[in-house]
1. Can you confirm whether residue 80 is among the basic types (Lys, Arg), in a helix (DSSP H, G or I), loosely packed, with under 14 Cβ neighbours inside 10 Å and modelled with pLDDT of 95 or more?
2. With respect to the numbered conditions (1) modelled with pLDDT under 95; (2) part of a strand (DSSP E or B), which one is the sole condition not fulfilled by residue 109?
3. Scan the range 125-139 and report the pairs whose first residue is surrounded by 18 or more Cβ atoms within 10 Å (Cβ to Cβ) and whose second residue is of a type in the set (A, V, I, L, M), with Cβ atoms within less than 6 Å and a gap of 6+ or a chain change.
4. Looking only at the range 67-122, filter to residues that are touching a residue at least 60 places away in the same chain (Cβ under 8 Å) and of a type in the set (Val, Ile, Thr); which one of those is nearest to residue 47 (Cα to Cα)?
5. Restricting to the range 91-110, what's the tally of residues that are more than 14 Å from residue 72 (Cα to Cα) and either exposed (fewer than 13 other Cβ atoms within 10 Å of the Cβ) or touching a strand residue (DSSP E or B) at 6+ places or on another chain (Cβ under 6 Å) (or both)?
6. Restricting attention to the range 117-145, and to residues there that are assigned to a loop (DSSP other than H, G, I, E, B) and within 19 Å of residue 58 (Cα to Cα), which single residue is nearest to the chain's Cα centre (by Cα)?
7. Here are some conditions: (1) exposed (fewer than 14 other Cβ atoms within 10 Å of the Cβ); (2) at pLDDT below 95. Residue 68 meets all but one. Which one does it not meet?
8. So residue 53 passes all but one of these: (1) within 23 Å of residue 151 (Cβ to Cβ); (2) surrounded by fewer than 16 Cβ atoms within 10 Å (Cβ to Cβ); (3) touching a Gly at 6+ places or on another chain (Cβ under 7 Å). Which condition number does it fail?
Amino acid sequence: MEWQEVCENKTLQDLPFKVELNRWGQIVMSPVKIRHSFYQGRIQRLLESFLETGEIMPECAIDTTDGVKVADVVWCSTARFEQIQDQVSASIAPELCVEVKSGSNTLEEMEYKQRLYFQAQALEVWLCNEQGQVRFYNQQGELAQSLLVPGFPQQIKQ
């Protein structure tokens, strides 16, 4: 299955799941709980308060070497957004990709998606755990703080 088919399939719309494709075009769905949505929304609002340019988007579909993955929150520079804005799924990852761990994810899955986003040219990938702790990474490894969004908190408060 191709991502365009997933987007157009009426039976896959409005599901309470995050839908992605693996490298064989098979649908992978992950259930989302309220806490996951809360952290996703809070991260998006915090990014909006820190950044004055570019585009911040939830649920961004990104082409990877293992199919289409959907980052929970992303930030794109204006230049990169102009490259991808008319695509069904982003052929190049936004500069910043954020994944919020849900109960159905393992740490290994999160780290795997992190590598996929870097391969797709993300500059930073953030991982938020189920307690709201945010860890920042670039291609070289873990960062003490984000280089793209200095001052972003390491802990999302409830």
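The values are calculated or read from the model by the stated rules, or taken from the named source; none is laboratory data. On a predicted model such as this, the values are computed, not experimentally measured, just so you know. Heads up, the Cβs are rebuilt from the backbone with ideal geometry, glycines too, and the neighbour counts pull from every protein chain shown.
1. When the stated conditions are applied, residue 80 does not pass them.
2. The failed condition is (2).
3. Between residues of the range 125-139 that are surrounded by 18 or more Cβ atoms within 10 Å (Cβ to Cβ) and residues that are of a type in the set (A, V, I, L, M), the close pairs are 126/98; 126/134; 127/110; 128/100; 128/134; 132/156; 136/143; 137/125.
4. In this case the residue turns out to be 100.
5. Of the residues in the range 91-110, 6 are more than 14 Å from residue 72 (Cα to Cα) and either exposed (fewer than 13 other Cβ atoms within 10 Å of the Cβ) or touching a strand residue (DSSP E or B) at 6+ places or on another chain (Cβ under 6 Å) (or both).
6. Top of the filtered list is 122.
7. (1)
8. Against the list (1) within 23 Å of residue 151 (Cβ to Cβ); (2) surrounded by fewer than 16 Cβ atoms within 10 Å (Cβ to Cβ); (3) touching a Gly at 6+ places or on another chain (Cβ under 7 Å), residue 53 comes up short only on (3).
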